[in-house]
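**Q** This is the structure, below, for whatever I ask next.
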Amino acid sequence: MCSSPRTGTSHITWSDDVFRPGSQINLEIAGVRHGYTAPISRTFSIGQPSDRLRRVHEAQAAGLEAALATICAGRTCGEVAEAANRAVEKFGVKKESRFGYPIGIDWQEQTASIKVGDQTILKPNMTFHVHLGNWAIAEDFGYVISECVRVTESGVEVLTNVPRKLSTLSSLCGSFGGPVIGYLRLNLRVAR
């Protein structure tokens, strides 16, 4: 989890930053069952999100939708990345890092990468974290949205079930855990 003013960095260490109205929270969590990991990322805004955050959400969500629409057995990881990249760039946003990676036992498997040029052919039952984490937007600004998926013969099965919207939190009631974790608990489902 990272929050304003440090959303431009992924996987950061603890700080004593305080959540305030207008703060942005990027959250990446995972469910684990029998050693298999199912990660998911979402961005939250405390109060109304900025215009920049709304614009970037629209771009990144379009990229995620394009990636999901492209995934199916027989396509390559590179084709998925190219589709996501085209969708994101239509909004004037650039994503310079990969668009996802395979998951399995432990957090990730080092077998393929959803990035331009990766010629790995998608096969049924491969699983990926399709991740539109973008930390290169500005030094102090980044955004995350992702889904955990399984490749099928005819497309993709999304294994997580959380709305793909920019969620607004009206208050944190003095604690981050309550509203955000409650929201995710109600909406997360990891397929068995």
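The values are calculated or read from the model by the stated rules, or taken from the named source; none is laboratory data. All figures in this text were calculated on a predicted structure; none of them were measured in a lab. Neighbour counts are summed over all protein chains in view; Cβ atoms, including those assigned to glycine, are modelled from backbone coordinates with ideal geometry. Quick note on the areas: whole protein, heavy atoms, side chains included, nothing else; ligands and nucleic acids left out. Shrake-Rupley method; radii C 1.70, N 1.55, O 1.52, S 1.80 Å.
**Q** Restricting to the stretch 86-114, give me the number of residues that are more than 20 Å from Leu159 (Cα to Cα), over 14 Å from the mean Cα position of the chain (by Cα) and crowded, with 20+ Cβ neighbours inside 10 Å.
**A** Final tally of qualifying residues: 2.
**Q** Being in contact with a Leu (Cβ under 8 Å, 6 or more places away or on another chain) and either hydrophobic (A, V, I, L, M, F, W, C) or part of a strand (DSSP E or B) (or both) narrows it down to one residue among Ala30, Ala38; which is it?
**A** None of the others qualify; the one that does is Ala38.
**Q** Looking at Gly133 and the list (1) modelled with pLDDT under 95; (2) touching a Gly at 6+ places or on another chain (Cβ under 6 Å); (3) open to solvent by less than 10 Å² (accessible area, probe 1.4 Å), which single condition is not satisfied?
**A** (2)
**Q** Please determine, by comparing only the residues of the stretch 145-171 that are modelled with pLDDT under 90 and open to solvent by less than 20 Å² (accessible area, probe 1.4 Å), which one is farthest from Cys72 (Cα to Cα).
**A** Per the criteria, the residue is Leu169.
**Q** Exactly one condition in (1) at pLDDT 95 or above; (2) part of a loop (DSSP other than H, G, I, E, B) is false for Leu64; which is it?
**A** It fails just one condition, (2).
**Q** Within the stretch 91-98, identify whether any single residue is of a type outside the set (Ser, Thr, Tyr), out of contact with any Cys (no Cβ under 8 Å at 6 or more places or on another chain), within 27 Å of Tyr36 (Cα to Cα) and modelled with pLDDT of 95 or more, and answer yes or no.
**A** No.
**Q** Oh, and also: Looking only at the stretch 83-120, which residues are closer than 19 Å to Leu68 by Cβ, aromatic (Phe, Trp, Tyr) and part of a loop (DSSP other than H, G, I, E, B)?
**A** If the condition is that a residue be closer than 19 Å to Leu68 by Cβ, aromatic (Phe, Trp, Tyr) and part of a loop (DSSP other than H, G, I, E, B), then Phe91, Phe99 are the ones that fit.
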